[in-house]
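Okay, so here's the structure we're looking at.
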Amino acid sequence: EVKLVESGGGLVQPGRSLKLSCAASGFSFNDYWMGWVRQAPGKGLEWIGEINQDSSTINYTPSLKDKFTISRDNAQNTLYLQMSKLGSEDTAIYYCARGTSFAYWGQGTLVTVSS
Amino acid sequence: DIQMTQSPSLLSASVGDRVTINCKASQNINKYLNWYQQKLGEAPKLLIYNTNNLQTGIPSRFSGSGSGTDYTLTISSLQPEDFGTYFCFQHNSWPWTFGGGTKLELK
């Protein structure tokens, strides 16, 4: 069974950094692109970016490129999202998803940016 | 960036109705269009990929069509479990982008 489990969310102060993790199981992690999507409370979905199998290609939505960094550890079957200079606009549920079609999603982890 | 415009944003329908949701891209996306369903408090679920391919396990009452800039999701006979919010998503040109969503509610 394909399983994606995000962790690392929580309450963080404005201007601080946070690193999210996505633990994958049930499939060959190093065979797939992986991506991150977020959803602000009551809002739609926003594609953050994605990373290819060997980390040689990483794409971001332009507005987040200077704040967020996507990485992966194939030995640990884990995807990461490093977020810096967080602001209230970054308050959202953060989902990881598999492949370019996002056929599988994690349950999400909530990040709240507030003082 | 390619803008994805969904219509309507809110759709009221009854069980058994045939419903269509539209998605218009700001430029040709070569059928690289997916549809997702999201229920309250849950992660999105892939329904249709690349315009008209039904994801495994999705009922055949869901179908997709379109080309160029215009795409449609059709539910042939609405079931109680189909209510929720639907999003289109283009993966033809980076950055990939989602539509704003269509909330399908019970009339």
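The values are calculated or read from the model by the stated rules, or taken from the named source; none is laboratory data. As the structure is a prediction and not an experimental result, all values here were calculated from the model. Heads up, the Cβs are rebuilt from the backbone with ideal geometry, glycines too, and the neighbour counts pull from every protein chain shown.
Against the condition out of contact with any Lys or Arg (no Cβ under 9 Å at 6 or more places or on another chain), within 14 Å of chain A (Cβ to nearest Cβ), modelled with pLDDT of 95 or more and surrounded by fewer than 20 Cβ atoms within 10 Å (Cβ to Cβ), how does B:LYS103 come out, does it pass?
Judged against the criteria, B:LYS103 is a match.
The one condition from (1) without any contact (Cβ under 8 Å) to a residue 60 or more places away in the chain; (2) of a type outside the set (Lys, Arg); (3) away from chain A (no Cβ under 14 Å) that B:ALA43 does not meet is (3). Looking at chain A, none of the strands (runs of 3 or more DSSP E) lying wholly inside it contains 2 or more residues that are within 11 Å of chain B (Cβ to nearest Cβ), surrounded by 13 or more Cβ atoms within 10 Å (Cβ to Cβ) and free of Cβ contacts under 8 Å to residues at least 12 places away in the same chain. A single member of B:THR74, B:THR85, B:THR56, B:THR20 is within 11 Å of another protein chain (Cβ to nearest Cβ), in a strand (DSSP E or B) and not aromatic (Phe, Trp, Tyr), and it is B:THR85.
The number of residues in the range B:1-17 that are in a strand (DSSP E or B) and closer than 26 Å to B:LYS31 by Cα comes to 6. Do you know which of the residues in the range B:25-40 that are of a type in the set (Ser, Thr, Tyr) and more than 8 Å from chain A (Cβ to nearest Cβ) is nearest to the chain's Cα centre (by Cα)? For the range B:25-40, the residue satisfying everything is B:TYR32.
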